[in-house]
Amino acid sequence: MTYKLVLLRHGQSDWNAKNLFTGWVDVPLSDLGQQEARRGGELLKSEGIAPDVVHTSLLRRAIMTANLALDSADRHWIPVKRNWRLNERHYGALQGKNKTQIRDEYGDELFMEWRRSYDVPPPAIELGSEFSQDTDPRYAGEPIPATECLKDVLERMLPYWENEIVPDLKAGKTVMVAAHGNSLRAIVKHLDGISDDEIAGLNIPTGIPLVYELDEDLKPVKAGGTYLDPEAAAAAIQAVANQGKA
Ligand code: DG2
């Protein structure tokens, strides 16, 4: 018995296109991002992969991506579960800032530490400031962060994984998770047992389904899973890695 999991990073957002740190800021998909999401669904359909349930974050770029992809895959009718624990990493005071400008201002080392280190969060966002979510009603009563490193994301994502996603997998459902670059990096780190150092080198492209077959212990049958369009994924992974370079 194996289980099937589809991970899908949302299509390009308006702020991905503008090279801005996004985090919990609720920006829409760009036109290209909408196309990527539809194509993601077409890839699923052509591979005969039919999600039975979808989990998303509370952010419209993941929600829209799930809707568009499932529509192209003729699976628009499946149950959906949404939770802030699948949100993007909170990027703290970097939210709304240009990645290249931050790199120029603070240098390569700090830029990469904030972006890809496992346990160093960026500076916290000021509560009440333009890109803070502290009064957003969708998070009322939740222990929401003012900044996060990947370790924080993993720790807040895992209870949702264990309590909501694992039961769906164990029920034999094909589970799709439509989420974000860093919340998906946290899931992949957990699944593949990637070390704290090595996870820095892992990037997730927008809009290309990554399919995992998992064994009875929920270990990947093939480490790293399989991108449905491996060539496009390789190019897009490189582009994510290069973000912020002049
Ligand atoms: C991006 C990831 O998140 O940025 O918050 O800027 O996946 O929601 O577009 P997403 C952001 P990097 O960590 O790759 O810089």
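The values are calculated or read from the model by the stated rules, or taken from the named source; none is laboratory data. This structure is a prediction, so every number in the text was calculated from the model and none was measured. Every residue, glycine as well, gets a Cβ built from its backbone with ideal geometry; the counts of neighbours run over all protein chains shown. For accessibility, only protein heavy atoms count, side chains too; no ligands or nucleic acids. Shrake-Rupley method; radii C 1.70, N 1.55, O 1.52, S 1.80 Å.
Summary of computed values
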read-out: Segment 1-57 - accessible surface per residue (Å², probe 1.4 Å); value: 38 Å²
read-out: List 180, 76, ordered by accessible area with a 1.4 Å probe, largest first; value: 76, 180
read-out: Radius 10 Å from Cβ of residue 14, net charge of other residues (Lys, Arg +1; Asp, Glu -1); value: +1
read-out: The chain, relative contact order [Cα under 8 Å, separation at least 6], %; value: 30 percent
read-out: Relative contact order (percent, whole number), segment 53-159, Cα cutoff 8 Å, 6+ residue spacing; value: 28 percent
read-out: Carbon/sulfur fraction of accessible area - segment 10-130, other protein chains in place, 1.4 Å, %; value: 46 percent
read-out: ³J(HN,Hα) computed for each position of segment 223-228 - Karplus, 6.51 cos²θ - 1.76 cosθ + 1.60, integer Hz, glycine/proline x; value: 4, x, x, 9, 6, 6
read-out: Length gained when the stretch residue 42-residue 126 is fully extended (0.36 nm per residue, less Cα-Cα span); value: 26.1 nm
read-out: Cut-off 20 Å, label 7 Å out along Cα→Cβ of residue 18, residues of segment 232-246 by amide N; value: 240, 243-246
read-out: Helical contribution to [θ] at 222 nm, DSSP H n ≥ 4, -39,500 (n - 2.57), averaged over the chain, rounded to 500; value: -10500 deg cm²/dmol
read-out: Rounded to whole Hz, the Karplus (6.51, -1.76, 1.60) HN-Hα couplings of segment 140-149, x for glycine and proline; value: 4, x, 9, x, 7, x, 10, 5, 8, 9
read-out: Spatially proximal lysines relative to residue 4 (Cα-Cα < 27 Å; intrachain offsets below 8 disregarded); value: 45, 81, 151, 170, 173, 189, 219, 222
read-out: Rounded to 5, the percent of DSSP beta bridges in the chain classed as antiparallel; value: 45 percent
read-out: Between 0 and 90°, nearest 10: helix 60-72 axis offset from the chain longest Cα axis; value: 30 degrees
